[in-house]
Amino acid sequence: MTDRTANPRPVDGKAMPRFGGLATFMRLPVAEDPAGLDIALVGVPWDGGTTNRAGARHGPRAVRDMSSLIRRVHPVSRIAPYDLCRVADAGDCPVNPIDLMDTLDRIHAFYDRLHGAGVVPLSVGGDHLVSLPILRAIAKDGPVGMVHFDAHCDTTDSYFGGYRYTHGTPFRRAVEEGLLDPARTVQIGIRGSTYGDDDWQFSYDSGMRVIAIEEYFEMGVDAVIAEARRVVGDGPTYVSFDVDALDPVYAPGTGTPEVGGFSTFEAQRMIRGLSGLDLVGGDVVEVAPPFDPSGNTALVGANMLFEILCVLAEATAGRRG
Ligand code: MN
Ligand code: MN
């Protein structure tokens, strides 16, 4: 039995008030060397894949700030992730704001090192293209399944005349590269006007389970959870949470908001419903502080991060035995 008493811990909010101290993810220590962690919280401050309103490059810093409001123990599951796993803030992944392809390589290399050290990544974007190089690292040994919360399928082929890497294309590329098993992928919350009739046709053609928002509300949250669990099954599964999945009433601070989405509470329930799955990583993306004057979207992002952290810590501790 491994001694967990030396696990990294958040700064105690009853010792140093939560508005004080350095703004790290969840007030955790910074890990200069993430080797030895079970789970690394990583910022990816880059929005070079954005096709419309930029700003998600500022997401990690804003989420770090708002995550100081989050305490140690989950209110419903009672999961205490820092008791189960060694978790720390591994800082920001290197990026290059003036070169997209170079940035994809830098992100891939960073997560390759984490994966090679046996560390499970939980990331804060950044725009949704950052999920692609992350998947290149964690799915190098075989495709993973995915629970994907989003207003958009992000499976378009190309933009602006053949440019294949944008935040509207990552999961098409991930399938083409053998990183994502489309038969074990579920996309939840899809809605919004499209460029044409076939923007998301690849999702359907490749066999992903697309739960558009109309079907979502028809089914109800419990049935959506059951369907997501059925689709991903027992295999390794990534969780990707685009904050534009939420109704912009709850998360207005994002580049491509779409009205008519689900609520923060429904999202919390769905993530809690992933308990027991073989989760191997996750991300929260598309928090764009320039469109978030109240800071509420960053707060929501921090809470989604904590929800994912709890089920991910449970899965990671379970694999360790
Ligand atoms: Mn997205
Ligand atoms: Mn989206």
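The values are calculated or read from the model by the stated rules, or taken from the named source; none is laboratory data. Keep in mind that what you see is a predicted model, and the values were worked out from it rather than measured. All Cβ positions, glycine included, derive from the backbone under ideal geometry; neighbour counts span all protein chains shown. The protein model used for the area step is the full one, side chains on, heavy atoms only, and it has no ligands, DNA or RNA in it. Shrake-Rupley method; radii C 1.70, N 1.55, O 1.52, S 1.80 Å.
Residues in the range 51-89 that are open to solvent by 50 Å² or more (accessible area, probe 1.4 Å) and on the phi > 0 side of the Ramachandran plot: ARG78 alone.
Of all the listed residues (ALA151, ALA212), the sole one being out of contact with any Lys or Arg (no Cβ under 6 Å at 6 or more places or on another chain) and among the aliphatic types (A, V, I, L, M) is ALA212.
Evaluate the following for VAL44: is it open to solvent by 60 Å² or more (accessible area, probe 1.4 Å) and of a type in the set (Val, Ile, Thr)?
Against the criterion (open to solvent by 60 Å² or more (accessible area, probe 1.4 Å) and of a type in the set (Val, Ile, Thr)), VAL44 does not qualify.
No other residue among PRO97, PRO75, PRO121 is part of a strand (DSSP E or B), of a type outside the set (A, V, I, L, M) and over 30 Å from ASP197 (Cα atoms) apart from PRO121. Checked against (1) within 16 Å of the chain's Cα centre (by Cα); (2) within 16 Å of ligand 1 (Cβ to nearest atom), LEU299 passes all but a single condition, namely (2). Looking at the range 253-275, is at least one residue closer than 18 Å to ARG184 by Cα and open to solvent by 10 Å² or more (accessible area, probe 1.4 Å)? Yes, there is a match, as at least one residue in the range 253-275 is closer than 18 Å to ARG184 by Cα and open to solvent by 10 Å² or more (accessible area, probe 1.4 Å). Residues in the range 134-168 that are within 16 Å of ligand 2 (Cβ to nearest atom), over 18 Å from ALA212 (Cα atoms) and of a type in the set (Val, Ile, Thr): THR166 only.
A search for C-beta distances below 7 Å between a residue of the range 149-160 that is buried (at least 16 other Cβ atoms within 10 Å of the Cβ) and any residue that is part of a loop (DSSP other than H, G, I, E, B) and at pLDDT below 95, counting only pairs 6+ apart in sequence or on different chains, returns THR156/ASP199. Residues of the range 183-218 that are open to solvent by 20 Å² or more (accessible area, probe 1.4 Å) and in a helix (DSSP H, G or I): GLN201, PHE202, TYR204, ASP205, SER206, GLU214, GLU215, PHE217, GLU218.
Return yes when HIS167 is in a loop (DSSP other than H, G, I, E, B) and touching a Leu at 6+ places or on another chain (Cβ under 6 Å) and no when it is not. It is true that HIS167 is in a loop (DSSP other than H, G, I, E, B) and touching a Leu at 6+ places or on another chain (Cβ under 6 Å). When only residues in the range 219-253 that are in a strand (DSSP E or B) and within 16 Å of ligand 1 (Cβ to nearest atom) count, which is farthest from VAL120 (Cα to Cα)? Result: LEU246. Looking across the range 77-98, the residues that are in contact (Cβ under 8 Å) with a residue 24 or more places away in the chain and charged (D, E, K, R) come down to ASP83, ARG86, ASP89, ASP92. Of the residues making up the range 124-148, those that are closer than 21 Å to ALA35 by Cβ, open to solvent by 10 Å² or more (accessible area, probe 1.4 Å) and assigned to a loop (DSSP other than H, G, I, E, B) are LYS140, ASP141.
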